[in-house]
Structures are given as C-alpha cells and as structure tokens.
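To keep things clear, I will list the structure first and then write my remarks on it.
Quick note: the coordinates plus some simple rules give every number you see, no bench work behind them. Bear in mind that the values here come from a model prediction, so they are computed numbers and not experimental data. Positions of Cβ are generated from backbone atoms using ideal geometry, with glycine treated the same way; all protein chains shown enter the neighbour counts.
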Amino acid sequence: MKWHDAQRVARLPLWRLKFWDLEKSGLNYRVIYLYNWPDRSYNVMAVVHRDSFDYDDPTDPIRIRVFGRCRVEFPRA
C-alpha cells in the first residue's frame, strides 16, 4: 500500500507492506520501503510493530527517522 501522507506531504515514494500470514499469528509488523525510481530498486527503510507506529503523526520518532534517512540516502527518489 502507498503511505499516502509520505507521498503527498513529504514527496517521498514510501510504501508499506503487511504480512498476512504473520497477522494471523498475532504478529502485526509492517515493512516500510522506498522505491528508488532512478535505479529501480526497492529499499527497506524500517520494520516496525504496527501498534508502536503512527503513520500520520508528524512527531512520531520512527517517521522522522525514516524521512530523514530517505532524504540523505535517496535525494533524487
């Protein structure tokens, strides 16, 4: 799924992936990844427990760290 706020507000090509099999076992994790258009690569930026992460909170420390790393590592993404 698109991370809509990241793409709309921050203009970062970030996506989130849910593991359905893990969800069935009660493990609610998400993989946050960036698709880097220039070299057509997928880059995992974070693996987070869903309950400890708020996608829409601009002060969430994980969000701040992911956005910061994206801008440093993939300035042209």
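Some points to look at:
- Selection count, the stretch 1-33, where residues are closer than 19 Å to SER52 by Cα, in contact (Cβ under 8 Å) with a residue 40 or more places away in the chain and not in a strand (DSSP E or B): 3
- Scanning the stretch 36-65 for residues that are out of contact with any strand residue (DSSP E or B) (no Cβ under 9 Å at 6 or more places or on another chain) and either in contact (Cβ under 8 Å) with a residue 60 or more places away in the chain or exposed (fewer than 12 other Cβ atoms within 10 Å of the Cβ) (or both) turns up TRP37, PRO38, ASP39, ARG40, ASP51, SER52, ASP56, PRO58, THR59, PRO61.
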